[in-house]
Amino acid sequence: MAIKTSDFRNWDEFYAFYLTEHSNGINRVLHIIATCWSMFMFYTIFITIGSIFYLPMALTAYVPAWIGHFFFEKNKPATFKYPLYSLISDYRMFKDLITGRLPLLTQLDEKIVRQVVPDKKSE
């Protein structure tokens, strides 16, 4: 795709790039699992037990997502280079998937990405 990995002007530009890094449907399914696991961990550990255990357990949520990247998408997770934008984008993608804005198993292409994140330069 034509989207570059550097010099994002805003979160929408990053999110468009982020979606291209999650074009494989199995990778997105694994990300849903990871996001659900992280929300479960937040609730059960942080809210009910205490914050000291949350961080180590929450890191386990990255395992399914990284499996999706390394074995299905065959790329390096954006988390390594853009940790905050990636974390926020994980939850945005989760919302877009459960609300039907993004297809779950369909291979994403630039047309689908632009339907979800319109290119503001061309408007």
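Summing Lys, Arg as +1 and Asp, Glu as -1, what charge do residues with Cβ under 12 Å from the Cβ of THR79 carry, THR79 excluded? Here the charged neighbours net out to 0. The residue list ILE98, PRO77, VAL63 was ranked by how far each Cα lies along the charge dipole of the stretch 57-123 toward its positive end, using unit charges on Cβ atoms, and PRO77 comes out on top.
How many percent of the alpha carbon pairs in the stretch 59-123 exceed a separation of 17 Å? I get 53 percent for the Cα pairs in the stretch 59-123 exceeding 17 Å.
TRP66 contributes an accessible area of around 80 Å² to the protein surface, as traced by a 1.4 Å probe with all chains present.
Counting only the Cα atoms, the chain fills a convex hull of 109 Å³ per residue.
Sorting 105-117, 77-89, 16-28 by their mean Cβ neighbour count within 10 Å, with the most densely packed peptide first, gives 16-28, 77-89, 105-117. Within 15 Å, Cβ to Cβ, of GLY100, how many net charges do the neighbouring residues add up to if Lys/Arg are +1 and Asp/Glu are -1? For residues surrounding GLY100, the net value is +3. For the chain, the fraction of 1.4 Å probe accessible surface lying on carbon and sulfur atoms is 67 percent.
Looking at the chain, the accessible area is 60 square angstrom per residue; that uses a 1.4 Å probe and ignores ligands, DNA and RNA. Using heavy atoms of the protein chains and a probe of 1.4 Å, the accessible area assigned to MET39 is about 80 Å². Taking Cα centre as origin and charging only the Cβ of basic (Lys, Arg, +1) and acidic (Asp, Glu, -1) residues, the dipole magnitude of the chain rounds to 20 debye.
The values are calculated or read from the model by the stated rules, or taken from the named source; none is laboratory data. The structure displayed is predicted, hence computed values, not measured ones. Positions of Cβ are generated from backbone atoms using ideal geometry, with glycine treated the same way; all protein chains shown enter the neighbour counts. Keep in mind that these areas ignore ligands, DNA and RNA; they rest on the heavy atoms of the full protein, side chains included. Shrake-Rupley method; radii C 1.70, N 1.55, O 1.52, S 1.80 Å.
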